[in-house]
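The values are calculated or read from the model by the stated rules, or taken from the named source; none is laboratory data. These numbers were taken from a predicted model, which means no experiment stands behind them. We place every Cβ from the backbone using ideal geometry, glycine too, and count neighbours over all the protein chains shown.
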Amino acid sequence: MARGHVKTVAILICCAPSVFGAGFQAGVARVEITPREPIWMSGYASRNHPSTGVRQALWAKSLAIESGSGRPVVIVATDLVGLPAEVADEVAARAQRQFGIERSRLLLNSSHTHTGPVVWPGLSGMFDLPPGEEQKLHTYAALLVDDLVLVIGESIKHLSPAVVSYGFGKAGFAINRREPTAKGIRIGVNPSGPTDHQVPVLLVSTPDGKTRAILFAYACHNTTLTGDFYELSGDYAGVAAAKLEAEYPETTALFLQLCGGDQNPNPRNTVELAEQHGVELAAAVDRVLGGPLTRLSGSLRTSYVVTRLKFAPQPRSAYQSDLENPKSTPAARHRATAMLQAWDAGHPVGDTPYPVQAVRFGKTLTLLALGGEVVVDYALRTHSEYPGEALIVAGYSNAVMCYIPSERVLGEGGYEVVDNMVYYGQPGPFAPGVENSVFEAIHQAMKKVSR
Ligand SMILES: [Zn+2]
């Protein structure tokens with residue numbers, strides 16, 4: 001198959017015909033999504049030239065799970081900064097058309113690596129791109145959509161009898177990064193701020209006990225490598241996945257980013273530290289796999305709720321002055337141009353669509369997947385609202401449109417409230433009430449899958 005930047009498509013999970021009765025089936029597939037040529041990288045506004053090499057291949061990995069209904073749930077993990085709604089929607093529409101996967105049964109997550117390509121048009125306003133660079137990003141995004149559809153289809157095609165079980169571990173390298181200073185909140189380290197150190201693990205084995213897929217997750221930015229690094233990589237999550245795949249033959253390891261919007265790896269800023277954190281995370285997964293796991297049973301239920309989150313109203317003049325101010329950053333000028341266009345066309349941007357998805361595995365485990373760069377407060381509140389339930393609360397799922405601050409974070413201000421909105425091309429901070437709007441959608445999504 002002639003695909004510019006795809007090097008290999010390895011298909012895993014193959015086992016003997018079913019002698020297992022109507023249990024779970026699983027299939028897993030992977031496709032390499034490393035750009036083939038130097039490309040503009042996402043995540044840091046300071047970057048001023050394209051990538052200079054590949055430290056580690058980037059992957060899209062797909063895990064299909066089905067519990068006897070013939071309607072699988074497909075979880076896709078990507079070594080990318082985040083999928084913009086434009087990409088996610090197209091992938092979902094094609095997956096529905098080609099494979100009959102309804103929207104609630106497809107979960108697209110991004111690791112939020114900051115050493116991956118710009119995923120056009122997400123965060124594209126961050127830079128003034130030199131001539132030719134934008135076209136490369138359009139091409140990459142189009143190939144990416146094809147690759148994601150391909151890998152989804154391959155994982156479904158290879159469904160075969162499987163045993164699926166889960167457990168939870170811990171890793172401690174994530175730290176709250178919202179540091180209070182005399183001048184307000186800045187990105188630093190805040191050892192007393194909230195964190196979520198849980199490491200959920202889902203194990204997929206053949207009926208005779210061979211490991212075939214490991215899905216693992218953590219709430220922490222993939223930002224060990226900072227803006228000075230120009231080699232493509234998956235950061236700590238890429239290291240952890242590669243380590244697990246080396247350790248468990250014929251196994252695909254998929255990483256899901258949880259509610260790590262305000263969490264950074266600590267310490268950070270060297271390749272050695274990305275290795276160290278990756279090794280620590282893989283070791284946490286190993287410990288879970290070595291202990292007792294809970295086996296999934298029952299039917300799969302899914303829901304997908306799209307709500308709208310309101311932004312605080314801004315005056316037109318704010319964008320006009322951003323546009324006219326010679327000291328404005330490229331991001332501020334691009335945001336101002338987009339906002340003024342919308343304003344002058346008679347529909348200023350007042351809100352954003354926001355997806356909340358729930359996947360419930362029988363009576364055992366629920367995977368809740370939230371859009372955007374969700375701060376950790378959402379995971380902590382969800383766990384406290386559903387005590388005693390085994391829950392995985394992912395962020396960076398289905399579409400990444402901006403940060404999603406909690407009410408506490410919104411009140412405190414800082415990057416996750418104000419500055420990121422400029423990079424994401426959103427009108428400004430959310431209006432008060434954003435947390436409850438998200439939770440109304442969470443409650444709806446959870447109710448639909450409960451029994
Ligand atoms: Zn981020």
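For segment 309-339, a residue qualifies if it is surrounded by 12 or more Cβ atoms within 10 Å (Cβ to Cβ), free of Cβ contacts under 8 Å to residues at least 40 places away in the same chain, assigned to a helix (DSSP H, G or I) and of a type in the set (G, A, S), and the qualifying residues are S321, A336.
Look through A394, A379 and report the one residue that is under 30 Å from V163 (Cβ atoms), among the hydrophobic types (A, V, I, L, M, F, W, C) and over 12 Å from the mean Cα position of the chain (by Cα). Talk me through it step by step, then tell me what you get.
Working: A394 fails: over 12 Å from the mean Cα position of the chain (by Cα).
Every option except A379 fails the conditions.
Taken over segment 240-259, the criterion of being in contact (Cβ under 8 Å) with a residue 24 or more places away in the chain and either part of a strand (DSSP E or B) or over 20 Å from S155 (Cα atoms) (or both) is satisfied by A240, K243, E247, T252, A253, L254, F255, L256, Q257, L258, C259. Remark: pairs (first residue in segment 69-81, on the phi > 0 side of the Ramachandran plot; second residue at pLDDT 95 or above and not β-branched (V, I, T); Cβ separation under 8 Å; 6+ apart in sequence or on different chains) are absent.
For segment 159-209, the set of residues classified as on the phi > 0 side of the Ramachandran plot and part of a strand (DSSP E or B) consists of G184 only.
Can you name the residue in segment 244-298 that is polar (S, T, N, Q) and within 18 Å of the chain's Cα centre (by Cα) and, of all such residues, is surrounded by the fewest Cβ atoms within 10 Å (Cβ to Cβ)? Steps first, please.
Start the filter on segment 244-298 by keeping residues that are polar (S, T, N, Q), which leaves 251-252, 257, 263-264, 266, 269-270, 276, 294, 297.
Those still in the list that are within 18 Å of the chain's Cα centre (by Cα) too: 252, 257, 263-264.
Numbers: T252: 27, Q257: 29, Q263: 27, N264: 22.
Residue satisfying both the conditions and the ranking: N264.
Scanning segment 128-172 for residues that are among the acidic types (D, E) and within 20 Å of L202 (Cβ to Cβ) yields a total of 1.
Residue by residue through segment 340-375, note down the ones that are outside any loop (DSSP other than H, G, I, E, B) and among the β-branched types (V, I, T). Talk me through it step by step, then tell me what you get.
Taking segment 340-375 as the starting set, the residues that turn out to be outside any loop (DSSP other than H, G, I, E, B) are 340-344, 351-361, 365-370, 373-374.
Once the filter is applied, which keeps residues that are outside any loop (DSSP other than H, G, I, E, B) and among the β-branched types (V, I, T), segment 340-375 yields T352, V356, V359, T366, V374.
Apart from one condition, C402 fits all of (1) in contact with a His (Cβ under 8 Å, 6 or more places away or on another chain); (2) under 25 Å from S62 (Cα atoms); (3) not basic (K, R); the exception is (1).
Mind listing whichever residues of segment 114-133 are more than 17 Å from N420 (Cβ to Cβ) and among the polar types (S, T, N, Q)? Explain how you work it out, then say what you get.
Kept after step one, since they are more than 17 Å from N420 (Cβ to Cβ), are these residues of segment 114-133: 115-117, 120, 128-133.
Passing the criteria: only T115.
Does segment 136-158 include one or more residues that are assigned to a loop (DSSP other than H, G, I, E, B) and either aliphatic (A, V, I, L, M) or free of Cβ contacts under 8 Å to residues at least 12 places away in the same chain (or both)? No, that holds for no residue. I'd like the residue in segment 97-114 that is polar (S, T, N, Q) and away from the ligand (no atom under 13 Å from the Cβ) and, out of all such residues, is farthest from P35 (Cα to Cα). That would be S104. The lone criterion from (1) touching a Phe, Trp or Tyr at 6+ places or on another chain (Cβ under 8 Å); (2) within 14 Å of the ligand (Cβ to nearest atom) left unmet by S406 is number (2). Can you find a residue in segment 387-394 that is among the β-branched types (V, I, T) and in contact with a Pro (Cβ under 6 Å, 6 or more places away or on another chain)? Yes, there is a match, as at least one residue in segment 387-394 is among the β-branched types (V, I, T) and in contact with a Pro (Cβ under 6 Å, 6 or more places away or on another chain). Specify the residue that is farthest from F255 (Cα to Cα); the eligible residues are those in segment 210-239 that are of a type in the set (A, V, I, L, M, F, W, C) and not in a strand (DSSP E or B). Out of the qualifying residues, it is F229.
For segment 281-308, a residue qualifies if it is on the phi < 0 side of the Ramachandran plot, of a type outside the set (A, V, I, L, M, F, W, C) and in a loop (DSSP other than H, G, I, E, B), and the qualifying residues are G291, P292, S297, S299. Scanning segment 376-397 for residues that are more than 16 Å from the ligand (Cβ to nearest atom) and either of a type outside the set (S, T, Y) or assigned to a strand (DSSP E or B) (or both) yields L380, R381, H383, E385, P387, G388, E389, A390, L391, I392, V393.
Any residue at all in segment 163-172 that's more than 23 Å from I392 (Cα to Cα) and either surrounded by 21 or more Cβ atoms within 10 Å (Cβ to Cβ) or away from the ligand (no atom under 16 Å from the Cβ) (or both)?
No; the residues of segment 163-172 include none that is more than 23 Å from I392 (Cα to Cα) and either surrounded by 21 or more Cβ atoms within 10 Å (Cβ to Cβ) or away from the ligand (no atom under 16 Å from the Cβ) (or both).
Among the residues making up segment 345-363, those that are farther than 17 Å from Y403 by Cβ and either at pLDDT below 95 or not charged (D, E, K, R) (or both) are A345, G346, H347, P348, G350, Q357, A358, V359, F361, G362, K363.
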